[in-house]
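Notes to accompany the following structure.
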Amino acid sequence: MRDFQTPGRSEVLATEGMCATSHPLAAKVALDILAQGGNAMDAAIAGAVLLGICEPQMTGLGGDCFVLFNRAGEDEVRALNGSGRAPAAADAEKLRAQGLKAVPLNTADAVTVPGAVDAFCHLAQAEGKLGLDALLQPAIHYAENGVPVAPRVAFDWQIGAATLQGAARSHYLVNDKALETGQVFRSPGQAEVLRRIARDGRDAFYSGEIADDMIATLNQLGGVHTADDFLATACTKTQPVSGNYNGLELVEHPPNGQGATAILLLNILKSFDLASMDPFGVERLHIETEASKLAYDARNRFIADPDHTTHADRFLDQNVADRLAALIDPKRAMAAAAPLTESVHKDTVYITVVDRDRMAVSLIYSIFHSFGSGIASEKYGILMQNRGSGFTLQAGHPNELGGRKRPMHTIIPGLLKQDGRVLMPFGVMGGAYQPTGHSRFVSNLTDHGMGLQASIDGPRAFFDKGFLKLERGISPKVAQQLSEIGHNIQVSETPLGGAQAIRICESGVLQGASDPRKDGCALGY
């Protein structure tokens, strides 16, 4: 039970339906859709598209998504990959010939074709009830009439504004300045795009005037994108992967997502008695950090487009995890894995919805870095993701940049099952942090018996670019002890990720939690 004399929030309890996400307007819209007779997929799509207006630095129509879900009355978890591909003419050798060691973040070379719109249109037709037109009306309304900028969004906007270039500055700045808390953001261009998608479906986005606007903008900046690249975009049904930890089954997306990394990480942690450790003490943080280094090193070597990924089965192999665990010195930090040329990000939105029939949707949606590539289409203001910077330029690597390939993706929706039953859709935003975030969340629940909200609220640590980044909730004494055993400590300037979850209790009650690091909430009825 939480201490009601200390800051915090209670879990939200309801019976009919629930949404948890990073902005309250999106959570409210999701519940409205459920009240109109929509199911969890309808509600998740409506809320997700609206998040692109509420949090444009995080996501939007120019981005990608991944979805895990079950159908009403079923416990089979299905997966849909809504990530886009590099243009057919993308060529790593051309970039290497320019002396580049990595795909530049804020260039047309980093822009992969958006995949989310195709996925949303497919899911609305295949799994929803209300139809695309009804689902897009809330986002159309708010894009036209405006959304007051929330505090965390304003914080991120200020940091990411320098990324914006060309037309993006007129679409996403006011008087060439980042919007502040309480200022109203409007995007009439995106409202028009959404109206056309609502009327004509995915073809309105991937062909004709809207696609031409994106292609012309990219071509002017040296991009090799063509109309055929956009027309060819198609989401992919995939088979989830899973692993077990303390009686729970963690279900993740297969490559090109990094979800298997979380499974490998938890398999490594099985070699250690985390339950006996202080959840925020030096011993647990050290072991988690060392295990993350090893799991991420495997990710960096092998995860790529599923047509090019190698050794994917080894991420699920407990014997492999045991051998990696044996490399961990409980008393000393290991050297960092070799620096990567692949880019990592911290900007993503997540939404989860459960309806009265217990359909559960776990959906994550992103434009990669803050404001993506910083490039927006001239007329409609569609921000283009820079997901292509997730490729490597290393010749022969499975994740080498190439035509029509999908890059390694950091965004991963999660879902927990127990005794074969869908228990909890959840997600932890935060780019590269996400597998560690999934692992820590599951460990907090099971090793340390924390409640749902407490498991999300607890302070976080993450090894990134040579530093063990600690949130301010980690005590100075613990930070000093970690430094003494070889960790290069850095207090994180920004929170490490954000999370949402909904537990489906056997009693029929839904229990929701949402991360205070974001502006959002869990809402139910």
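Every number here is computed from the coordinates shown, using simple stated rules; none is lab data. The model shown is predicted, which means the values in this text are computed figures rather than measured ones. Cβ sites come from the backbone with ideal geometry, for glycine too, and all protein chains shown count toward neighbours.
Here are a few things to note about the model shown:
- The value obtained for the stretch 106-236, namely the Cα convex hull volume divided by the number of residues, is 128 Å³ per residue.
- Among Glu506, Glu180, Glu127, the ranking by other beta carbons within 10 Å of each residue's beta carbon, starting with the fewest, stands as Glu506, Glu180, Glu127.
- Helical segments meeting 24 Å axial Cα length and Kyte-Doolittle -1.0 threshold in the chain (DSSP H): 282-302
- Sorted largest first, the spans of the alpha carbon positions of the stretch 355-445 along the three principal axes are 46, 38, 24 Å.
- The Rg/Rh ratio for the stretch 427-489 is 0.99, where Rg is the radius of gyration of the alpha carbons and Rh is the Kirkwood radius.
- J(HN,Hα) series, the stretch 405-413, from Karplus relation 6.51 cos²θ - 1.76 cosθ + 1.60, nearest Hz, glycine and proline x: 8, 8, x, 4, 10, 8, 7, 9, x
- Fewest-first ranking of Asp176, Asp229, using other Cβ atoms within 10 Å as the exposure measure: Asp176, Asp229
- Distances between placed amide hydrogens fall under 5 Å for Thr392 paired with Glu400, Leu401, all partners being 5 or more residues away or on another chain.
- Phi angles of the stretch 275-281 translate, via the Karplus equation with coefficients 6.51, -1.76, 1.60 and θ = phi - 60°, into HN-Hα couplings of 4, 7, 9, 4, x, 10, x Hz per residue; Gly and Pro are given as x.
- Of Lys28/Lys518; Lys293/Lys417; Lys293/Lys331; Lys293/Lys469; Lys101/Lys465; Lys417/Lys469, pairs whose Cα-Cα distance is over 19 Å: Lys293/Lys417; Lys417/Lys469
- Of all aspartates and glutamates in the structure, the ones whose alpha carbon falls short of 18 Å from that of Lys177, not counting any fewer than 8 places away in one chain, are Glu55, Asp156.
- Per-residue ³J(HN,Hα) for the stretch 3-17, Karplus 6.51 cos²θ - 1.76 cosθ + 1.60, θ = phi - 60°, Hz, x for Gly and Pro: 7, 6, 9, 10, x, x, 9, 8, 5, 8, 10, 7, 10, 8, x
- Per residue, the average separation of C-alpha pairs within less than 8 Å and at least 6 apart gives the stretch 346-442 a relative contact order of 27 percent.
- Amide H contacts of Phe185 (H built 1.01 Å from N, under 5 Å, at least 5 apart or other chain): Val147, Val149
- Shape summary of the stretch 481-523, radius of gyration then Dmax from alpha carbon positions: 17.0, 49 Å.
- Other-chain or far-sequence residues with amide H under 5 Å of Arg421's (modelled H): none
- All distinct Cα pairs of the stretch 1-114 go into the 1/r average, and the inverse of that average, the Kirkwood radius, is 17.8 Å.
- Debye-formula intensities of the stretch 364-414, expressed as log10 I(q)/I(0) at q = 0.26, 0.29 Å⁻¹, are -1.00, -1.07 (one equal scatterer per alpha-carbon, no solvent).
- Percentage relative contact order, the chain, counting C-alpha pairs under 8 Å, at least six apart: 26 percent
- Two-decimal log10 I(q)/I(0) for the stretch 280-417, as the Debye equation yields it once each C-alpha is a single scatterer, q = 0.11, 0.17, 0.18, 0.19 Å⁻¹: -0.58, -1.16, -1.22, -1.26
- Centroid-to-centroid, using Cα positions, the stretch 432-501 and the stretch 138-176 are 30 Å apart.
- Size descriptors for the stretch 30-74 (Cα atoms only): Rg and Dmax, in that order, 12.0, 37 Å.
- Point-charge dipole on Cβ atoms (K/R +1, D/E -1) for the stretch 1-46, about Cα centre, debye to 20: 140 debye
- Rg ratio (alpha-carbon, reference 2.2 N^0.38 Å) - the stretch 194-351: 1.39
- The spread of Cα positions in the stretch 107-163, taken along each principal axis and listed from longest to shortest, comes to 40, 33, 18 Å.
- For the chain, the average shadow cast by the Cα convex hull is 22.0 nm², which is a quarter of the hull's surface.
- Tensor-based shape of the stretch 382-525 (alpha-carbon gyration tensor, a/c under 1.5 rounded, otherwise prolate or oblate): oblate
- A simple spin-label model places the labels of Val491 and Thr6 1.9 nm from each other, with each point 7 Å out along Cα-to-Cβ.
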